[in-house]
Every structure is written in C-alpha cells, then in structure tokens.
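The values are calculated or read from the model by the stated rules, or taken from the named source; none is laboratory data. Note that the coordinates shown come from a computational prediction; the quantities given were computed from them, not determined experimentally. Please note: Cβ atoms are built from the backbone with ideal geometry, for glycine as well, and neighbour counts cover all protein chains shown. Protein only, heavy atoms only, side chains kept; ligands, DNA and RNA dropped before computing areas. Shrake-Rupley method; radii C 1.70, N 1.55, O 1.52, S 1.80 Å.
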Amino acid sequence: MRARYGVPLGITAVGAAGLAYAAGFEVRSFRLRRITVPVLPQGMRPLRVLQISDIHLVSGQRKKQRWLQSLAGLRPDFVVNTGDNLSDPEGVPEVLDALGPLMEFPGAYVFGSNDYYGPKPRNPARYILEKASGKHGLNGNPPVVGAIHNPWTELRDAFDAAGWVGLSNTRGRLKLEDIEIALTGLDDPHIKRDRYAEVAGGPETGADLSLAVVHAPYLRVLDAFTADRYPLILAGHTHGGQLCIPFYGALVTNCDLDTRRVKGLSQHQAGGHTSYLHVSAGCGTNRYTPVRFACPPEATLLTLTPQTP
C-alpha cells in the first residue's frame, strides 16, 4: 500500500506546499529592484526614476498599500506608473491612498486593460494556449463581451490633479528644476488602444531627455519607438511571468515579447537603431490568480546616468 500511494501523495504534498508558498508568502514579498541605465547626455546629472506597475489593487490589501506608500522615502526625481492599477471596481480610493505619498513627486502614467475593465475568472492554462497560437488580449481574439467597466476616469482625474502627466497616445513634459523630460506614451496595445501614428516622429527637440512609456510591450510598439530613436522604453504588463520555474524562468509574457526579456533591463533593435527596454514585473496579480512563484512582486528604481563616450 505504501509503495502504491507514496509517490502520488508526495507529489500532492509538494504541490500543496508550493501553492501555499506562492499564495501565502511570495505574493506579499515585495522587493525593490535597482538598476542603472546609461541614457543621459554627457555632463547631465544622474536622475532617479521610480517605476511602479501592475498594482492590481484589491480592497483590503493593506500590506501592499503600506509598501507602496513607503517608496516615497526613496525621494525619486520622478515617478512613472505603467498601468493596471486596479483589480477591483471599488479599489480606486485605496489605490489613491497607496500612491498618495508618491503623487507628491512629479510623475507620468499610462493605463492598462485592467484600469478600464474588471477581471474575470480565467484558466491560467489559456496563457500557454495563447502563446502557442500567437494570440494575446484582443490581438487576434474576439472582442470582449459583458466586461465590467472600472471607474478609470476617477483615477485619471486624481493623477491629473496631482500634476502627473497622462500619456495615452500623446506626448507630455516634466520640468525638474533645471532639467526638462519629454515623454511619449501609448494607450494599452493589449486591447488595441495604441495609436502610434498620433505620436510618431521621434524625440522632441529642446528637451534634455526623451522617454517612451507603454503598458504592454508588444513588438509592434517596441519596433516603432526604437526606430524613432527613443533611448529608453518603460513597460509593464507581463508580471515577470508570474508563475516561473526556478533556474529556468518564465513560460509566458502575455504578449508577443520573448520570455528572455519578460522583466528587467534589456535592449531592443529595430530600424537600424537600439533602445534600452525596461519591463517591470509589477507588484500585483489578477484577483482571481493571487499567486506568484519564483517571481516576487516589485517596483524598480532606475538611475539614469550619462552615456559612455
């Protein structure tokens, strides 16, 4: 009897322990990633940029709220929010409470699909199937029917009132004492809201630095930004793969980006040019899949430094 049932019971026990770790510990094990990116003109002072992404806040997530509030202690030069703040139609007040201290700093933002629409229960295996078929989000799939609409305009109005610059298919600027940052952003490509033709043309003249911002790092967007010679692209959406295999990495990115670049700093080439790409693994999950494994929740402090001669 022991020989017959020992292995299945052992596998079940390991699986249960892994699930308990992923849902009970790692999903709340918030981290700060620190990286340096050499994209500034020679002679310019370093800039500290805090990127937050994929908060997916659900009412009652007090530890996540406190952690986000604590990030203000980093005193960044400016904040970039790359979307998917919500995973609960009732979560706007708590998102604004969590981000309140950060909204005292200059900032910019784009929205993701979960800012516009509430989540639905979804079989995680569908991400594997979508990867195999090359279809992600609304890119090749039928339109969403019966979606829950989130009160995203309340988020937009609060961010705007704080002075954060909205970048949904538009350009904007941040003034940091003696430095001016030009930003170009897109609405979420995952649900086909991106309109690159409205912002095409490359970095603006007269700014000390130009950055590109988008929620989901689809290749069509990365190609366009890179061909237009943006030195740095900031994105989120992937959750770093969310459920990863130790010593192997992510299985999916939930877009057409390769898994090798699912999170962190990399480079992208298009049109004979090269841009740095930073993809945040984010600090939340869809409310119906509240687990992370080998992929802790994070925010990133990017220190931008002068390019090497």
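Of all accessible surface on the chain at a 1.4 Å probe, what whole percent is carbon and sulfur?
Numbers: 7770 of 13860 Å².
On the chain, the fraction of accessible area on carbon and sulfur atoms equals 56 percent.
Can you tell me the accessible area per residue over the stretch 159-309, all protein chains present, probe 1.4 angstrom, in square angstrom? Don't jump to the answer; show the numbers that get you there.
Details: 5790 Å² over 151 residues.
Solvent-accessible surface per residue comes out at 38 Å².
Where in the chain are the DSSP H helices whose alpha-carbon span along the long axis reaches 20 Å or more and whose Kyte-Doolittle mean is at least -0.5?
The answer, listed by residue number, is 2-24.
For residue 175, give me every one of the aspartates and glutamates with a C-alpha distance below 19 angstrom, ignoring sequence neighbours fewer than eight places off in its own chain.
Within the straight-line limit of under 19 Å, residue 175 reaches these aspartates and glutamates: 77, 104, 160, 204, 208.
With a probe of 1.4 Å, find how much accessible area the stretch 38-107 has per residue, and write the answer as a whole number in Å².
Counting only protein heavy atoms, the per-residue value for the stretch 38-107 is 35 Å².
If I stretch the segment between residue 62 and residue 245 completely, what's the gain in nm (0.36 nm per residue apart, minus their alpha carbon distance), one decimal?
Values: separation 183, 0.36 × 183 = 65.88 nm, distance 2.84 nm.
Computed gain between residue 62 and residue 245 is 63.0 nm.
Any chance you could run the full-extension gain for residue 122 through residue 288? It's 0.36 nm times the residue separation minus the Cα-Cα distance, nm to one decimal.
Result for the pair: 59.0 nm of gain on full extension.
In Å, what is the Rg of the alpha-carbon atoms in the chain, and how long is Dmax?
Looking at the chain, its Cα Rg and Dmax stand at 19.6, 77 Å.
Sticking with the crude label model, points 7 Å out along Cα→Cβ, report the distance from residue 200 to residue 160 in nm, one decimal please.
Going by the 7 Å Cα→Cβ label model, 2.7 nm.
Please find, in a Gaussian network model of the chain (springs between Cα atoms separated by less than 10 Å), the residue of 56, 149, 190 whose mean-square fluctuation is greatest.
Of 56, 149, 190, the Gaussian network model singles out 149 as fluctuating most.
I need the peptides 106-112, 41-47, 132-138 ranked by packing, meaning the mean over residues of other C-beta atoms within 10 angstrom, with the highest value on top. Provide the component values of the computation, followed by the final result.
On the way: 106-112: 25.4, 41-47: 12.1, 132-138: 14.3.
The densest-packed peptide leads the list: 106-112, 132-138, 41-47.
Classify the stretch 61-113 as rounded, prolate or oblate from the Cα gyration tensor: take a ≥ b ≥ c as the square roots of its eigenvalues, call it rounded if a/c is under 1.5, otherwise prolate when a/b beats b/c and oblate if not. If you can, show how the numbers build up before the last one.
Values: a/c = 2.28, a/b = 1.25, b/c = 1.81.
The shape class here is oblate.
Post the alpha-carbon centroid distance, the stretch 200-250 to the stretch 131-145, in whole angstrom.
21
Could you point to the residue in 128, 218, 140 farthest towards the positive end of the chain's charge dipole, with +1 and -1 charges on the Cβ of Lys/Arg and Asp/Glu respectively?
128
Using unit Cβ charges (K, R positive; D, E negative) and no other charged atoms, how large, in debye to the nearest 20, is the dipole of the stretch 156-220 about its Cα centre? Before the final figure, lay out each step's value.
Numbers: 8 positive and 11 negative charges, 73 e Å.
Roughly 340 debye, rounded to the nearest 20.
Taking the alpha-carbon distance from residue 63 and a cut-off under 27 Å, which lysines remain once sequence neighbours fewer than 8 residues away in the same chain are dropped?
120, 263
Could you give the nm distance between label points at residue 144 and residue 267, where each point is 7 Å from its Cα heading toward the beta carbon?
3.6
Which order do the peptides 289-295, 81-87 come out in when sorted by mean C-beta neighbours inside 10 angstrom, highest first? Provide the component values of the computation, followed by the final result.
Numbers: 289-295: 20.6, 81-87: 29.3.
Output ranking for 289-295, 81-87: 81-87, 289-295.
Dividing the alpha-carbon radius of gyration of the stretch 123-212 by 2.2 N^0.38 Å (N being the number of residues), what value is obtained? Don't skip to the end; give the middle numbers.
Details: Rg = 17.3 Å, N = 90, 2.2 N^0.38 = 12.2 Å.
With N residues counted in the stretch 123-212, Rg over 2.2 N^0.38 Å equals 1.42.
How far, in nm, would the chain grow between residue 208 and residue 97 when pulled straight, counting 0.36 nm per residue and subtracting the alpha carbon separation?
On the way: separation 111, 0.36 × 111 = 39.96 nm, distance 3.22 nm.
Value of the extension gain: 36.7 nm.
So if I take the centroid of the Cα atoms in the stretch 268-309 and the same for the stretch 27-78, what is the distance between those two points in Å?
Each part's Cα centre sits 11 Å from the other's.
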